[in-house]
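Engineer: One structure coming up, written as structure tokens, with questions to follow.
The values are calculated or read from the model by the stated rules, or taken from the named source; none is laboratory data. Because the structure is a prediction, the values reported are computed rather than measured. Don't worry about glycine lacking a Cβ; one is built from the backbone with ideal geometry, like all the others, and counts go over all protein chains shown. What goes into the accessible areas is simple: the full protein's heavy atoms, side chains included, and nothing from ligands, DNA or RNA. Shrake-Rupley method; radii C 1.70, N 1.55, O 1.52, S 1.80 Å.
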Amino acid sequence: MSAKVWLVGAGPGDPELLTLKAVRALHEADVVLIDDLVNPAVLEHCPGTRVITVGKRGGCRSTPQAFIHRLMLRYARQGKCVVRLKGGDPCIFGRGGEEAIWLRERGVAVELVNGITAGLAGATQCDIPLTLRGVSRGVTLVTAHTQDDSSLNWRALAEGGTTLVVYMGVAKLEEIAAQLLEGGMAADMPVAMIENASLPLQRECRSSLARMQADAQAFALKSPAILVIGAVAATAVEAVLQASA
Ligand code: SAH
């Protein structure tokens, strides 16, 4: 019996953004371990399969990571095909890397399957091109939340000139804005805040670096949301392009 765990990205929410490979893994699964950012609608691809919810939202009811590791190992050692389904992409702030290493160290075969990460999906849903010739030469994905509370070098990011896509930033807007402003980013730098990207409840709030905290508060921005910070987040990207021409 060959033990195998698929670490699969379920995409940002819209079930149509699931990859064909994710669908195949779900078809093959004997057991599916699902995170709470995954839209349960994707489970239509594995009717009758055992599904275990192992949500891990910060501050909420959560399943310890060690328990999830052991659960995957136990099923894999029983020869079951295990699908660990995660929101977005498994390796973008999704612990896919850690889980793959842990399982492989114990002799379990692991296959990673990409999902569309929330940052890319959110931007696209709002017609924001994350890179744009003459405007943005790159994109940087960062998380505002870390396990050890260590801080990112926001000043360096301010100087980097790439579009910033910030995950888990809703509770840290004030700090993010202050540090980027200190790092020399313009106060009027466009910001888009996108909640529930690609889901029917999606909402977007356009703002600027200096105003983003106040605007988010007035808008009652809630997690899950991503922030896109950069010239490409302007409502009228055409104007940005013309100005840079
Ligand atoms: N692996 C996931 C990210 C998990 S971290 C991915 O690749 O997308 C959780 C954070 O992702 C949330 O706090 C939020 O910042 C972001 N996120 C996940 N789904 C989202 C969605 N549908 N809309 C907006 N942000 C989302």
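Engineer: Identify all aspartates and glutamates with a Cα-Cα distance to LYS86 below 15 Å; exclude those on the same chain that are fewer than 8 residues away in sequence.
Structural biologist: Result set, ordered by chain and number: ASP14, ASP35, ASP36, GLU98, GLU99, GLU111.
Engineer: Net charge within 14 Å of ALA100 by Cβ-Cβ distance, Lys/Arg positive one each and Asp/Glu negative one each, not counting ALA100 itself?
Structural biologist: Net charge around ALA100: +1.
Engineer: Using 0.36 nm per residue of separation minus the Cα-Cα distance, give me the extension gain between ASN153 and THR235 in nm, one decimal.
Structural biologist: Extra length available between ASN153 and THR235 comes to 26.8 nm.
Engineer: Provide the FRET efficiency to the nearest 0.05 for the THR19-HIS69 pair, computing r from the beta carbons and using R0 = 25 Å.
Structural biologist: 0.55
Engineer: Return the carbon/sulfur percentage of the accessible area of the chain, one whole number, probe 1.4 Å, all protein chains in place.
Structural biologist: Percent of accessible area from carbon and sulfur atoms in the chain: 52.
Engineer: Moving to a separate point now. Measuring from label point to label point, each 7 Å out along Cα→Cβ, what is the THR53 to ALA214 span in nm?
Structural biologist: For THR53 paired with ALA214, the spin-label model returns 3.9 nm.
Engineer: With every protein chain left in place, what is the accessible area per residue of the chain in square angstrom, probe 1.4 Å?
Structural biologist: 50
Engineer: 222 nm [θ] for the chain, helices only, -39500 (n - 2.57) per DSSP H run of 4+, per residue, to 500?
Structural biologist: Result for the chain, helices only: -8500 deg cm²/dmol.
Engineer: Can I ask one more? Between ASP36 and GLU182, how high is the FRET efficiency from 1/(1 + (r/R0)^6) when r is the Cβ-Cβ distance and R₀ = 35 Å? Nearest 0.05.
Structural biologist: 0.50
Engineer: Could you tell me the calculated FRET efficiency between GLN78 and THR146, based on Cβ-Cβ distance and R0 = 41 angstrom, to the nearest 0.05?
Structural biologist: Efficiency, from the Cβ-Cβ distance: 0.70.
Engineer: With θ taken as phi - 60° and the coefficients 6.51, -1.76 and 1.60, list the Karplus ³J(HN,Hα) couplings across segment 154-159 in order, rounded to whole Hz; mark glycine and proline as x.
Structural biologist: 4, 5, 5, 5, 4, 7
Engineer: Whose amide H sits under 5 Å from the amide H of LEU112, counting only residues 5 or more places off or on another chain, with H placed in the peptide plane?
Structural biologist: LEU7
Engineer: Considering every pair of different Cα atoms, what Kirkwood radius, in Å, is found for segment 45-198?
Structural biologist: Radius from the Kirkwood sum: 18.1 Å.
Engineer: What is the projected area of the convex hull of the Cα atoms of segment 118-244, averaged over all directions, in nm²?
Structural biologist: Taking a quarter of the hull surface, the average projection is 7.1 nm².
Engineer: Among ALA109, ALA100, ALA177, determine the one that fluctuates most according to a GNM of the chain built with springs between C-alpha atoms less than 10 Å apart.
Structural biologist: Result for the chain, Cα springs under 10 Å: ALA109 fluctuates most.
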